[in-house]
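The values are calculated or read from the model by the stated rules, or taken from the named source; none is laboratory data. Quick caveat: nothing in here was measured; it's all calculated off a predicted structure. With ideal geometry, Cβ positions are generated from the backbone for all residues, glycine too; neighbour counts draw on all protein chains shown.
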Amino acid sequence: MATLTDAKRLVVKIGSALLVDRDTGALRSDWLTSLAQDVARLRARGTDVILVSSGSIALGRGVLGLPKGDLPLEQSQAAAAVGQIQLARAYQDALGPLGITTGQVLVTLDDSSDRRRYLNSRATMATMLSLGVVPIVNENDTIATDEIRYGDNDRLAAQVAVTVGADQLVLLSDVDGLYTANPNTDPDARHIPTVDTLTAEILAMAGDAVSGLSKGGMKTKVMAARVATEAGCALAITLGSRLNPLAKLEEGARCTWFTAQITPQAARKSWIAAMKPRGVLGVDAGAVQALTQGKSLLPAGVTAVLGDFERGDPVQIANAAGAHLGIGLAGYPSTEARTIAGHRSGDIAELLGYKGRPALIHRDDMVLSDRGTT
């Protein structure tokens, strides 16, 4: 079974009810301070942490004096715009005194469904983490309408975990895990500590409301578990309302762990390998040698660019004889790839008019065939 002590890159999902008092609409500052302490402790031992947080509409509603209950779309978006500032400041105030810099990332469903935006999000958050920043991710409620909404932060958190290559995801919830039935109404309901395979039976169990959750509430968590575990990320559902919820989880608090049978890196490689190429990059012998040593594909080693593709599209890598070496996600569209092919990375700014990425295909976005590594 996975444990939080094993996490190298952790995504934590925080719901509005944990952050904002339902009766007063005020921030639960003591709870947020305790969460910040947990985050600082995790980072001190080398774990990257990304927070996916609701709360902007709830906080904005209070500032604007809007009534409780469902709001018209325009009022919800206005509340989100006002509340997002409050939310960002709250995290800054909680984590800043602990020496942690925070950064805000607002996304919509389009940002993960569009491959170019997905790569941009991945690169941005990876850079933030490398600089010691804790990203605070939320749905961009000020512009998102139904067709571009995740709709729930369980789903968003799972997609963020996939995007950043996290190995663990924790959903802080108002339940302490998955049960065989609703324990409030069924005395024979059993808590399930570990789920290794998401069977039809497990999916059916998620149809029962638990501890006040709506039917869809647990279903969205189980569906998030499916997305995460297929990408090599273990997921835990645990009670989040108590102080220091991550420390409590690490100390053995009741939860349900959904285990992953593959690493995030292997899952990503499998995803890329299954794609249909939209173009071909021919490479010279020097590039072939560099690739077999685990290096990225630089423009200098590219001798030919075939096909029309956009940044983020899968492209085949072939040697001078036309033999297939592997497949990767293009770092440039075909028009720009043709311009920089054969040139040094240091020449990209002059050739394209902007300082681009040094690699045409980064090694993390590439899968070499067995033939390509021999």
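Whenever a residue of the stretch 34-52 is of a type in the set (S, T, Y), its partners that are assigned to a helix (DSSP H, G or I), lying with C-beta atoms within less than 8 angstrom and at least six residues away or across chains, give the pairs S34/P245.
Here's the yes/no breakdown for (1) outside the structural domain of G252 (by TED's automatic domain parsing); (2) modelled with pLDDT of 90 or more; (3) touching an Asp or Glu at 6+ places or on another chain (Cβ under 9 Å); (4) part of a helix (DSSP H, G or I):
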| site | (1), (2), (3), (4) |
| --- | --- |
| Q84 | no, yes, yes, yes |
| L87 | no, yes, no, yes |
| R116 | no, no, yes, yes |
| L119 | no, no, yes, yes |
| L171 | no, yes, yes, no |
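Quick one: is P358 touching a residue at least 12 places away in the same chain (Cβ under 8 Å) and within 24 Å of the chain's Cα centre (by Cα)? So P358 fails the test. Pairing each residue of the stretch 278-303 that is in contact (Cβ under 8 Å) with a residue 24 or more places away in the chain with any residue that is part of a strand (DSSP E or B) and surrounded by fewer than 18 Cβ atoms within 10 Å (Cβ to Cβ), provided the two are 6+ apart or on different chains, yields C-beta distances under 6 Å for G279/L306; V280/L306; G282/T303; G282/A304; D284/T303.
Once the stretch 206-226 is narrowed to residues that are touching a helix residue (DSSP H, G or I) at 6+ places or on another chain (Cβ under 9 Å) and at pLDDT below 80, the residue that is surrounded by the fewest Cβ atoms within 10 Å (Cβ to Cβ) is G207.
Looking at the structure I just gave you, is T303 in a strand (DSSP E or B), among the hydroxyl-bearing types (S, T, Y) and on the phi < 0 side of the Ramachandran plot? Answer is yes for this residue. Please work out which residue is farthest from R278 (Cα to Cα), limiting yourself to the stretch 302-340 and to residues that are surrounded by 19 or more Cβ atoms within 10 Å (Cβ to Cβ) and touching a Ser or Thr at 6+ places or on another chain (Cβ under 7 Å). Going through the qualifying residues, I end up with L325. Does L98 satisfy the criteria of being surrounded by fewer than 18 Cβ atoms within 10 Å (Cβ to Cβ), at pLDDT 90 or above and touching a helix residue (DSSP H, G or I) at 6+ places or on another chain (Cβ under 9 Å)? Considered against the rule, which asks whether it is surrounded by fewer than 18 Cβ atoms within 10 Å (Cβ to Cβ), at pLDDT 90 or above and touching a helix residue (DSSP H, G or I) at 6+ places or on another chain (Cβ under 9 Å), L98 comes out as yes. Checked against the criterion of being of a type in the set (S, T, Y) and either closer than 19 Å to P245 by Cβ or modelled with pLDDT of 90 or more (or both), the candidates T163, T108, T180 yield just one match: T163. Contact map, the stretch 102-131: first residue free of Cβ contacts under 8 Å to residues at least 60 places away in the same chain, second residue aromatic (F, W, Y), Cβ cut-off under 9 Å, separation 6 or more or different chains; pairs are T102/Y91; Q104/Y91; V107/Y150; T108/Y150; L109/Y150; D111/Y118; S112/Y118; S112/Y150. Tell me which residues, restricted to the stretch 310-330, are within 25 Å of the chain's Cα centre (by Cα) and either touching a residue at least 60 places away in the same chain (Cβ under 8 Å) or more than 18 Å from W271 (Cα to Cα) (or both). Scanning the stretch 310-330 gives E310, R311, G312, D313, L329.
The set of residues in the stretch 285-295 being surrounded by fewer than 20 Cβ atoms within 10 Å (Cβ to Cβ) and either closer than 13 Å to L360 by Cβ or of a type in the set (G, A, S) (or both) consists of A285, G286, A290, G294, K295.
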